[in-house]
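Undergrad: The structure under discussion is supplied below as structure tokens; questions concerning it will follow.
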Amino acid sequence: MPGNTLTRLRVVLTVFFALDGFVFAGWVVRIPAIKQQTGASASTLGLALLGVSAGAVVTMILTGRLCRRYGNHRVTVVCAALLSLSVALPPLTHSPLALGAVLLVFGSAYGGLNVAFNSAAVDLVRALQRPIMPSFHAAFSLGGMIGAGLGGLVAGQLSPARHLLGLTLIGLLVTALAGHPLLRIQPPAPPESTPREDAAPRRLDTRTRGLVITFGLIALCTAYGEGALADWSALHIEQDLDASAGAAAVGYSCFALAMTIGRLTGTRLLERLGQTRTLVSGGTIAAIGMLLGALAPALWAAFLGFVITGLGLANLFPVAVERAGALAGPDGVAIASTLGYGGMLLGPPAIGFMADWFSLPVALTSVAALAATAAVIGFVTRTRPAS
């Protein structure tokens, strides 16, 4: 496949990653308003929000089969359109039950899109023979930051219905503009220099499935930390370090920005260090950073810890998903993504229980423990084939 075609494919896939982060963040910033509109209590809202998780996890497994049958590019476009349409549904609900039902649809589209475009990205990584996976996840992070920032700006002027309908229109427009070239580009074939036995993902025999699950566990350890910091870092800064609400918001922003910077530089890092050393060093750095962020007695030290944690975690998830996809194609991406998403779901409630049993700073050290676990897994699998 000509180089300019591969470049166009990289551009349109980057657009879909950014769109995914943009739409999802736009929904997240309107959750408080939707809670008030539906009259949900904190507990019933939590149950309704499980609709996103349930829809995503179930669809992630099914999407691997759909990608094999219809192709990664077609499934990406269809799921992006469904995500754009479904984000307008939550403001139309007036009860927690109805909200949970529409979030099931939203979560299904979100999960399907994540598997489809990650599978397409794995094919492109193999064709280019360059470790560019982190750049796609950087686009997701940037899209999320833009979506959250825009949502904060318009929250005072636009109702949730108008805001999220606007996201639908933007999403459908971007899907149409980026989807047209994506559907015209054939999925890239492996380069001619690739050995025949490595030219296509392996079948999911017992050994391959075990390797895929192992890389999925790295994704789980990483996503656990992302979910925990998203939900608990602000409270930790405000409650344990006696900081203002504004300072608490800055703490998570430091983490998110460091994650984005880490992913933007991830390709160069992988080219220099390789996958194994990136996994081991990233997990180790994140563990050290989180210990500092959780146990630091001063605000500046906690901020520094969150920055170090973000830089360490940044490339673990992309590398884990890429290695799983190289092993088993869309099925591998589906398994690793499902485990990763499970980690993001597990983190916040697990931190909450541990905070009740011990304290929030001690609970947050579990992020460091799992980051260290990811480093150990990366080291143990260093002699395993990656594709």
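The numbers here are math on the coordinates, done by the rules we state, and not lab data. The shown structure was predicted, so the numbers you read here are calculated from the model rather than taken from an experiment. Because the Cβ atoms are built from the backbone with ideal geometry, glycine has one as well, and the counts that use them run over all protein chains shown.
Undergrad: Mind listing the phi-derived Karplus ³J(HN,Hα) values for the stretch 269-276, rounded to whole Hz, using 6.51, -1.76 and 1.60 with θ = phi - 60°, and x for any glycine or proline?
TA: Each residue of the stretch 269-276 in turn: 5, 5, 5, 7, 9, x, 5, 4 Hz.
Undergrad: Something else: Test of understanding: what is the full-extension gain from residue 129 to residue 98, defined as 0.36 nm times their sequence separation minus their Cα-Cα distance?
TA: Numbers: separation 31, 0.36 × 31 = 11.16 nm, distance 4.64 nm.
In short, 6.5 nm is gained.
Undergrad: How far, in nm, would the chain grow between residue 165 and residue 184 when pulled straight, counting 0.36 nm per residue and subtracting the alpha carbon separation?
TA: Here the segment from residue 165 to residue 184 would lengthen by 4.0 nm.
Undergrad: So how far, in whole Å, is the C-alpha centre of the stretch 1-70 from the one of the stretch 330-387?
TA: Each part reduced to its Cα centre gives a spacing of 20 Å.
Undergrad: What list of ³J(HN,Hα) couplings, whole Hz, do you get for the stretch 115-120 from phi and the Karplus terms 6.51, -1.76, 1.60, once you set θ to phi - 60° and write x for glycine and proline?
TA: Using θ = phi - 60°, the values come out as 5, 5, 6, 5, 5, 5 Hz.
Undergrad: I've got another one for you. Given springs between every Cα pair under 10 Å in a Gaussian network model of the chain, which of 182, 264, 299 has the largest fluctuation?
TA: 299
Undergrad: For the chain, restrict the atom set to alpha-carbon positions and state the Rg and Dmax in Å.
TA: Cα only, the chain: 20.1, 60 Å (Rg, Dmax).
Undergrad: Next up: Which value in deg cm²/dmol, rounded to the nearest 500, describes the helix-derived mean residue ellipticity at 222 nm for the chain, given -39,500 (n - 2.57) per DSSP H run of n ≥ 4 and division by the residue count?
TA: Working: 13 runs with 316 residues, N = 387.
Using -39500 (n - 2.57) per qualifying helix, the result is -29000 deg cm²/dmol.
Undergrad: A further question on this structure: Could you work out the mean projected area of the convex hull around the alpha carbons of the stretch 298-387, in square nanometres to one decimal? Before the final figure, lay out each step's value.
TA: Working: hull surface 26.6 nm².
Over all viewing directions, the stretch 298-387 projects a mean Cα-hull area of 6.6 nm².
Undergrad: How would you classify the stretch 3-194 from its alpha-carbon gyration tensor, with a ≥ b ≥ c the square roots of the eigenvalues: rounded for a/c under 1.5, else prolate if a/b is greater than b/c, otherwise oblate?
TA: Details: a/c = 2.48, a/b = 1.87, b/c = 1.33.
Because a/c hits 1.5 or more and a/b exceeds b/c, the stretch 3-194 counts as prolate.
Undergrad: Suppose R0 equals 56 Å; then what is the FRET efficiency for residue 247 and residue 69 from their Cβ-Cβ distance, rounded to the nearest 0.05?
TA: With a Förster radius of 56 Å, E is 0.65.
Undergrad: Just the C-alpha atoms of the stretch 201-383: what Rg/Rh do they give, with Rh taken as the Kirkwood radius? Working shown, then result.
TA: Numbers: Rg = 16.3 Å, Rh = 16.2 Å.
Rounded to two decimals, Rg over Rh is 1.00.
Undergrad: Still on this structure, please answer the following. Can you tell me the FRET efficiency between residue 295 and residue 153 if r is taken as the Cβ-Cβ distance and R0 is 45 Å, rounded to the nearest 0.05?
TA: Working: r = 35 Å, r/R0 = 0.79.
My answer for the efficiency is 0.80.
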